[in-house]
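Report on one structure; see the data block that follows.
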Amino acid sequence: MKLFIADAFTEELFGGNPAGIVLLSGSDETTVWPAEETMIKTAAELRYSETAFCLPLADGSFRTRYFTPAAEVDLCGHATIATFTVLRREGFLKGDGPFINRTLAGDLEICVTERNVLMEMAEPKIEGEITDEEAFKELYSVMGLKYTPSAGGVPVHPGIKAYPKMVSTGLLDIMMPVKDEAELDAIEPDFPALAELSDRYGVVGVHAFCIASDEEQRMGITAHARNFAPLYDIDEEAATGTSNGALTYYLQSIGFLGEVDDACIIQGEKMDRPSTIRTHIEGKRILVGGDAVILAEGEIYI
């Protein structure tokens, strides 16, 4: 089997979010996959937040499974962008697409150009919001922030009334608004407490964000974000496609984005791996994508 390492959501090496990609040999559903334990150990050995195992199928579609160093997850945005960049380079993409990626989150469309990969997210869902005062304070305290509400009652950009919400476009995360980049930068989670809180809420982690300044919005930037998932052995990620798909739906739900709109989200700055995630929303259809750069390739013996 061939192994690749690629940086997703960036045009430059050592930016964005790195992922491992393993291409399986075979072309149909009878192909024997490595044992689940082996795939988890492989992800742990590579030490990236996610490693994708992809099987090209005879009908032109692809089956992809995603593993963190701790467990299998239904979907991973940046690993999908990296995987289809590899598939394009290796000549597996025939025709103009779109291509079907068969995942535990469902069969999703992937649109590929010479540079960008755009992936369809699973149907977005808002599965609750955190408005209770004590729960609200607990969340922000666990993230290392004091509860300092704005005049509107929540710590967000002036004029935007938004509570933390649990949103999914394949993986369920808490969308947590903060008022500005300074507060976003100041987040220092209590990781054991955050893992416990995530388990209790049934979420992968917390996606904290702030709305971009007016000047940045004129430059086409929508928001800045940071993502934390210690329950899955990921303290912080430089780019998370699924979470930013969920954030796009969240921003539409509070009226900040329109029924048909585009967004540009910057993530990874605190980690010195700046990432640019571009999204497009039409009603409940969300596409997330960007560039990726292949760093290395070789053989893996599992």
Hits in segment 42-99 (condition: crowded, with 21+ Cβ neighbours inside 10 Å, hydrophobic (A, V, I, L, M, F, W, C), assigned to a loop (DSSP other than H, G, I, E, B) and out of contact with any Asp or Glu (no Cβ under 8 Å at 6 or more places or on another chain)) | Leu75
What helices (runs of 4 or more DSSP H), lying completely within segment 191-268, carry at least 3 residues that are under 19 Å from the mean Cα position of the chain (by Cα) and crowded, with 16+ Cβ neighbours inside 10 Å?
-> 191-201, 241-253
Test for Tyr140: is it out of contact with any Ser or Thr (no Cβ under 6 Å at 6 or more places or on another chain), surrounded by 20 or more Cβ atoms within 10 Å (Cβ to Cβ) and in the same structural domain as Leu172 (by TED's automatic domain parsing) | yes
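Among the residues of segment 81-107, write down those that are of a type in the set (Ser, Thr, Tyr), within 14 Å of Ile294 (Cβ to Cβ) and under 16 Å from the mean Cα position of the chain (by Cα). Before the answer, list the steps.
Taking segment 81-107 as the starting set, the residues that turn out to be of a type in the set (Ser, Thr, Tyr) are 83, 85, 103.
Next, from what is left, pick out any that are within 14 Å of Ile294 (Cβ to Cβ): 83, 85.
Correct list: Thr83 only.
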Applying the selection to segment 163-177, what residues are more than 14 Å from Glu138 (Cα to Cα) and aliphatic (A, V, I, L, M)?
-> Met166, Val167, Leu171, Leu172, Met175
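Which residues, counting only those in segment 51-67, are farther than 21 Å from Cys111 by Cβ and at pLDDT 95 or above?
Initial filter on segment 51-67 (farther than 21 Å from Cys111 by Cβ): 51, 53, 58, 65, 67.
Thr51, Phe53, Arg65, Phe67 - these are the residues of segment 51-67 that are farther than 21 Å from Cys111 by Cβ and at pLDDT 95 or above.
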How many of the residues making up segment 272-302 are exposed (fewer than 15 other Cβ atoms within 10 Å of the Cβ), among the hydrophobic types (A, V, I, L, M, F, W, C) and assigned to a loop (DSSP other than H, G, I, E, B)?
-> 1
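The values are calculated or read from the model by the stated rules, or taken from the named source; none is laboratory data. Everything numeric in this text was worked out from a predicted model, so none of it was measured. Here the Cβ is made from the backbone with ideal geometry for all residues, glycine too, and neighbour counts use every protein chain on show.
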